[in-house]
Amino acid sequence: MKKRKLGKSGLEVAPLAFGGNVFGWTTDEATSFALLDAFVDAGFDMVDTADVYSAWVPSHKGGESETIIGKWLKSRGRRERVVIATKAGWEIRDFGKGLSKAHVVKSVEASLARLQTDYVDLYQSHIDDAATPFEETLGAYAKLIEQGKVRAIGASNHTAPRLAQALKVSAEKHLPRFESLQPLYNLYDREGFEAELQPLCVKEDIGVIPYYALAAGFLTGKYRSEKDLGKSARGGGVGSKYLNERGLRILGALDKVAKAKSATPAQIAIAWLIARPAVTAAIASATSLKQFAELQKAATLTLGAESIRELDQASAPDVKAGAAAS
């Protein structure tokens with residue numbers, strides 16, 4: 001598996017990262033272990049999680065995903081073969097929120113305990129915290145890096161102006177800089193990233209690891225009409241955001257390219273994302289070994305210039321209603 005450099009962090013990762021939000025939520029421990037085994041056996045390495053996964057489940061309190069990953073690491077002894085990326089800052093009931101020095105230190109210690117490891121490869125600010133100066137947050141990260149508890153840091157859900165400001169503080173104060181960005185980015189959700197964040201990441205050599213690579217499942221093609229929205233718990237949100245003229249136009253282009261490549265729409269959507277400028281690895285989840293096998297093929301699928309152009313045209317945010325890709 002050909003690896004890619006993650007910014008200037010010194011880390012190198014395969015082009016597909018496993019989204020660990022499903023662990024302990026839609027996949028039980030045994031299935032999670034099987035998925036992680038298959039993932040590493042296939043030559044992949046980055047597993048992305050967060051301390052808040054999966055606090056949204058009524059009976060959960062957060063940390064469920066990290067706990068399962070930690071049990072897997074302990075039982076398999078494969079720590080050196082994986083790149084563990086986790087996050088902090090999102091509000092967790094009875095634990096706190098934000099990126100103050102105190103909360104960052106508390107959060108990383110809790111994550112390390114659940115992950116049953118001495119260090120995190122990539123520690124990310126899960127959400128921007130405008131109430132805490134970047135100097136304080138980055139100073140806390142500097143200490144953690146000095147202590148060997150964190151190898152590199154990244155940002156998630158940050159705007160271009162805020163990311164640029166963080167980079168400026170890092171340079172001026174001689175503090176660690178964000179080496180990666182985790183934004184919402186996929187074949188449908190393009191404009192928010194491509195307008196300002198993409199050129200900044202390319203200019204500053206920041207690795208990009210987009211989440212929602214399949215637009216909450218829409219780009220798999222399983223949601224094509226109102227009646228399809230009941231197929232999963234996410235169907236309602238998918239329908240309100242993606243099931244429209246542009247969304248159907250994108251699915252049409254995916255179908256066409258997938259047929260030509262003897263692939264599935266999901267594989268084509270991920271291959272397109274992996275081929276984008278600035279993207280280091282696409283984050284995608286699977287809840288079964290069958291789903292993972294489909295994701296695995298996407299990581300080695302090469303799209304030609306014509307296929308990419310067709311997908312670009314069909315998904316362009318400014319395409320007029322009724323226009324079709326040629």
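Details
- Qualifying residue in the stretch 242-254 (condition: under 21 Å from the mean Cα position of the chain (by Cα), more than 24 Å from Tyr123 (Cα to Cα) and either buried (at least 17 other Cβ atoms within 10 Å of the Cβ) or in contact (Cβ under 8 Å) with a residue 12 or more places away in the chain (or both)): yes
- Filtered residues of the stretch 162-193 (kept if without any contact (Cβ under 8 Å) to a residue 24 or more places away in the chain and surrounded by fewer than 21 Cβ atoms within 10 Å (Cβ to Cβ)): Lys168, Ala171, Glu172, His174, Gly192
- Cβ-Cβ distances below 7 Å connect the following pairs, each with a first residue in the stretch 56-81 that is more than 16 Å from Gly20 (Cα to Cα) and in a helix (DSSP H, G or I), a second residue that is of a type in the set (S, T, N, Q) and open to solvent by 30 Å² or more (accessible area, probe 1.4 Å), and a separation of six or more residues or different chains: Lys74/Gln116.
- Restricting attention to the stretch 108-129, the residues that are surrounded by 20 or more Cβ atoms within 10 Å (Cβ to Cβ) and at positive phi add up to 0.
- Per-region count, the stretch 255-268, residues without any contact (Cβ under 8 Å) to a residue 12 or more places away in the chain and either of a type in the set (A, V, I, L, M, F, W, C) or more than 26 Å from Lys297 (Cβ to Cβ) (or both): 1
- Taking the stretch 202-241 as the range and being among the polar types (S, T, N, Q) and either without any contact (Cβ under 8 Å) to a residue 12 or more places away in the chain or in contact with a helix residue (DSSP H, G or I) (Cβ under 7 Å, 6 or more places away or on another chain) (or both) as the test, the residues that pass are Thr220, Ser232, Ser240.
- When every residue of the stretch 153-160 is checked against the conditions, none turns out to be without any contact (Cβ under 8 Å) to a residue 24 or more places away in the chain and buried (at least 19 other Cβ atoms within 10 Å of the Cβ).
- Among the candidates Asp318, Asp312, the residue that is at pLDDT 95 or above and either surrounded by fewer than 21 Cβ atoms within 10 Å (Cβ to Cβ) or not in a helix (DSSP H, G or I) (or both) is uniquely Asp312.
- Among the residues of the stretch 130-152, those that are open to solvent by less than 50 Å² (accessible area, probe 1.4 Å) and either of a type in the set (A, V, I, L, M) or touching a residue at least 40 places away in the same chain (Cβ under 8 Å) (or both) comprise Leu138, Ala140, Ala142, Leu144, Val150, Ala152.
The values are calculated or read from the model by the stated rules, or taken from the named source; none is laboratory data. Because the structure is predicted, anything quoted here is derived from the model rather than measured. When we count neighbours, we look across all protein chains shown, and the Cβ atoms used for this are built from the backbone with ideal geometry, even at glycine. These area figures cover heavy atoms from the full protein model, side chains too; ligands, DNA and RNA do not enter into them. Shrake-Rupley method; radii C 1.70, N 1.55, O 1.52, S 1.80 Å.
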